[in-house]
1. If I filter region 180-192 down to residues being of a type in the set (Ser, Thr, Tyr) and surrounded by 16 or more Cβ atoms within 10 Å (Cβ to Cβ), which single residue comes out as nearest to Ala157 (Cα to Cα)?
2. Is it the case that some residue within region 2-11 is modelled with pLDDT of 95 or more, aliphatic (A, V, I, L, M) and either closer than 23 Å to Tyr183 by Cα or in a loop (DSSP other than H, G, I, E, B) (or both)?
3. I'd like to check something: does region 148-156 contain any residue that is within 25 Å of Ser179 (Cβ to Cβ), over 14 Å from the mean Cα position of the chain (by Cα) and in a strand (DSSP E or B)?
4. Would you point out the residue of region 125-142, among those that are of a type in the set (D, E, K, R) and assigned to a helix (DSSP H, G or I), that is surrounded by the fewest Cβ atoms within 10 Å (Cβ to Cβ)?
5. Among the residues that make up region 35-48, is at least one of them in contact with a Ser or Thr (Cβ under 7 Å, 6 or more places away or on another chain), part of a loop (DSSP other than H, G, I, E, B), under 25 Å from Glu197 (Cα atoms) and touching a residue at least 40 places away in the same chain (Cβ under 8 Å)?
6. Collect the residues in region 192-209 that are in a loop (DSSP other than H, G, I, E, B) and within 16 Å of Ala177 (Cα to Cα), keeping them in residue-number order.
7. For the subset of region 49-61 comprising residues that are touching a Leu at 6+ places or on another chain (Cβ under 9 Å) and part of a loop (DSSP other than H, G, I, E, B), which member is farthest from Met10 (Cα to Cα)?
8. As an exercise: evaluate Asp164 against (1) within 18 Å of Glu134 (Cβ to Cβ); (2) free of Cβ contacts under 8 Å to residues at least 40 places away in the same chain and give the number of the one condition it does not meet.
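The values are calculated or read from the model by the stated rules, or taken from the named source; none is laboratory data. The structure presented is a predicted model; accordingly, all values stated were derived computationally and were not measured. Every residue, glycine among them, receives a Cβ derived from its backbone with ideal geometry; neighbour counts consider all protein chains shown.
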Amino acid sequence: MSDFAQQRRMMVDCQLRTYDVTDPGVTAAMDTVPREAFVSDSTLAYLDRSVPMLPGSDRQLMTPMVFARLIQAAEIVAGSKVLVVGAGTGYGAAVIADMGAVVTALECDPALQQVAAERLAGSPVVLAKGPLEEGDKARAPYDVIVVEGAFEVEPDALLAQLADGGRLVGVKGSGRAASATVYRKSGKTVGNRTITEAAAPILPGFAKRPAFVF
């Protein structure tokens, strides 16, 4: 077993399982996909922290346990039609595709788009470019939308792209008030519930506008 394979197994056993990630599809995929291939410094890939995707970039992969809790709550099964928003270098999309989902990966940053195209070459993941907050209306509706980061404003355009019964997961809020959250659409109604306290970097397009001070 390679060193990275051992680190993946430790991540699953010590970070995911101890954080109530028990879905075998989630743990198997995260034990398979080489996280080290999607970050700027492979020596940091399996730490219990957010990790920069590219040198000098402010975009980061979420901690493994937060990402795993989100996709577990999304109830992804083989054949699910999934949109990954803020796909970055493609790690999350690769994990979800390994679970048998039909995945579209949306990214707004050209440098990250290029790396994702290289890392996901040969995979069934469809790459999409555009503003993250606008989603991917052309391919909607989706069974699941995974926001790979945090949002301070309600992702209304994304919620509108859910199929009936569809779920959206992501980290709502910032700082100590942030929480991993799952939204579920039923007819024209969308409800949400908190999964757990969590933190993640705010994605482009999802930050609150600065308030005017008089």
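1. Within region 180-192, the subset of a type in the set (Ser, Thr, Tyr) is 181, 183, 186, 189.
From the residues that got through so far, the ones that are surrounded by 16 or more Cβ atoms within 10 Å (Cβ to Cβ) too are 181, 183.
Working: Thr181: 17, Tyr183: 13 Å.
In this case the residue turns out to be Tyr183.
2. No, that holds for no residue.
3. no
4. Looking only at region 125-142, we keep the residues that are of a type in the set (D, E, K, R), and these are 129, 133-134, 136-137, 139.
After this cut, where a residue has to be assigned to a helix (DSSP H, G or I) as well, the list is 133-134, 137, 139.
On the way: Glu133: 20, Glu134: 14, Lys137: 12, Arg139: 15.
The selected residue is Lys137.
5. No: region 35-48 contains no residue that is in contact with a Ser or Thr (Cβ under 7 Å, 6 or more places away or on another chain), part of a loop (DSSP other than H, G, I, E, B), under 25 Å from Glu197 (Cα atoms) and touching a residue at least 40 places away in the same chain (Cβ under 8 Å).
6. Here is the first cut: in region 192-209, the ones in a loop (DSSP other than H, G, I, E, B) are 198-201, 203-209.
Selection gives Ala198, Ala199, Ala200, Pro201, Phe206, Ala207, Lys208.
7. Initially, region 49-61 is screened for residues touching a Leu at 6+ places or on another chain (Cβ under 9 Å), giving 50-54, 57, 59.
Checking the rest, the ones that are also part of a loop (DSSP other than H, G, I, E, B) come to 50, 53-54, 57, 59.
On the way: Ser50: 17, Met53: 21, Leu54: 24, Ser57: 27, Arg59: 25 Å.
Going through the qualifying residues, I end up with Ser57.
8. Condition not satisfied by Asp164: (1).
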